[in-house]
1. Please sort by residue number the GluC sites (Glu not before Pro) in the range 1-95 whose DSSP state is loop and whose Cβ has at most 14 other Cβ atoms within 10 Å.
2. Find the Cα radius of gyration of the range 282-436, compare it with 2.2 N^0.38 Å by division, and give the number to two decimals.
3. Which whole number of Å³ per residue matches the convex hull of the alpha-carbon atoms in the range 129-259?
4. Find, among the GluC sites (Glu not before Pro) in the range 251-339, those assigned to loop by DSSP (not H, G, I, E, B) with at most 11 other beta-carbon atoms within 10 angstrom.
5. Based on the alpha carbon coordinates of the range 277-343, what radius of gyration and maximum Cα-Cα distance (Dmax) apply, in Å?
6. Beyond a 25 Å Cα-Cα separation, which of these cross-linked pairs lie in this structure: K43/K85; K24/K56; K119/K195; K266/K450?
7. Nearest 20 debye, what's the magnitude of the dipole of the chain about its Cα centre given +1 on Lys and Arg Cβ and -1 on Asp and Glu Cβ?
8. What relative contact order, as a whole-number percentage, does the chain give when Cα pairs under 8 Å and 6 or more residues apart are counted?
Amino acid sequence: MSDKPVYPNENIPSKATDFEEALKGLFQKSFDIVISKLDTRHKQAVIVFVEGMVDKDIMDRDIIKPLKSGEFTGRVKAAVKCGFKELHTMSEVIKSVLSGLIILYYEGSKSVLAIDLIKWKERAVEEPDAENVIRGPREGFVENVYTNVMLLRRKLKTHNLIVEKRVLGRQSNTSIAIAYLDNIVNKKVLDEVKKRLEKIDVDAILESSHLEQYLEENPLSIMSGIGLTQKPDVAAIKLLDGRVVVLCDGSPHALTIPELFMDSLKNSGDYYNRTIYGNFLRALRIVALIISILLPGFTAAVLTFHHEMVPLIFLTTIIQAKEGTPFPTLIELLFLMFMFEIIKEAGLRLPKSIGSAITIVGALILGDIAVSAGLVGAPSVIIVALTAVASLAIMSLNEFITFYRIVLLLMGGSMGIVGLSAGLLIMLTQIISNQSFGIPLLSSFNKVNKKDNMLRFPLSLIKRRSITVVNNKTKIGEVVNYKGDFNV
């Protein structure tokens, strides 16, 4: 939501001196706001811009030079050699200046010209670190929302791709882009997204994570129901599935709405690789999810309460390895998991050149010293290491995995298999009961979507759109324009 007018008198002053003084009164403490008066053959003009945000060479060539030319006739619009839009209020003028536009005022005019010659340093389009692929596009979103919209347009060259703009933040005036395919999108989801965006009234939106927290269904849920991606091709796939993509200026992460549980286990590489290998990778992620959540709790439950479930040869080895350690299995696993989270966090904050090396060396040294000192047993180190590696295969579910891994470990280590089963029941109940913009998180598990769910059929056999989001059975390529309910 935009702020109230920042200038008490909204009318454009009729004299250049008044216009200049009005802006200097607002920006007098800001050294980077350039307010310059120009003398032309007829009347005075005022040019306003932010130093470092505009292309001064083009400004001198296409704006200043024509105005000072001896051939200038007083017709400003005809003299300016670049595109512009007219502004009629002082609030529009101020916001345009702060957005990087050049403001050109000519004495006696009831409007001013806003000229877009923005030129600032921005990060080049490159492959995002968090979504590496072996085969497929390697370009990623950047912090400029207009560049990101351009990347989406390159993927979907259709007039049905609609991109609407919103400005949020009373102080930041952050540009937000809402992208959707008009002939495919679920209209109820789209309307709900717009409704929630309209309710946001804060000082600043600095990153898409701020938007996610304002848009999510249940702030106390472990799963937000909103997906994240840095890849334009992934965002395009989501749009083709009837979803809404929200882009935030200043953030390289796009929000995809809604995000269901199985979406977190899918990867763009599944579709770029051939069917067998793509299914193998998806199956690996499902196994990794089970290991990363269940393994510590199951180990603590079995080694504490259910020794009879372990084969004798393994049980003997485990007992020998744990001989002399002062803590029960539950405490050992909690300690090692806590240390792993600290090392992982430290690795993220350190410079890339030393972060990975310190993380690996730190984990090896700490694990070896802990076993040598008799604080923990070697089996516990192996379990936590296997769990940690498995969790890295599904970073999109990191919060969910971390939370329920600890919950299941505590319940399994304190109540055995019964406690572990109770924890699983709590977890499944929460997933089943959660919705994302009215769509259940597990609604993709249905007979119509079976060709691209746990396993993916060959692309030539996937002939119909998913009914989960758009709730229809139209063939891929047909117009949808769905307006119905969410029942599947």
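1. On the way: sites: E10, E20, E21, E51, E71, E86, E92; in loops: E10, E51, E71.
Sparse-neighbourhood loop GluC sites (Glu not before Pro): E10, E51, E71.
2. Output field value: 1.09.
3. Working: hull volume 13.8 nm³, N = 131.
Spread over its residues, the Cα hull of the range 129-259 gives 106 Å³ apiece.
4. Details: sites: E259, E308, E323, E332; in loops: E259, E323.
When the GluC sites (Glu not before Pro) of the range 251-339 are filtered for loop state and at most 11 Cβ neighbours within 10 Å, E323 remain.
5. 15.1, 46
6. Values: K43/K85 21 Å; K24/K56 21 Å; K119/K195 34 Å; K266/K450 14 Å.
With Cα atoms farther than 25 Å apart: K119/K195.
7. Numbers: 57 positive and 51 negative charges, 369 e Å.
Computed charge dipole of the chain: roughly 1780 debye.
8. Working: 798 pairs, mean separation 66.3, N = 488.
Reported as a whole number, the value is 14 percent.
Coordinate-derived values only; no laboratory data. This one's a predicted model, so the numbers in the text were calculated from it and none came from an experiment. Backbone-built Cβ (ideal geometry, glycine too); neighbour counts: all protein chains shown.
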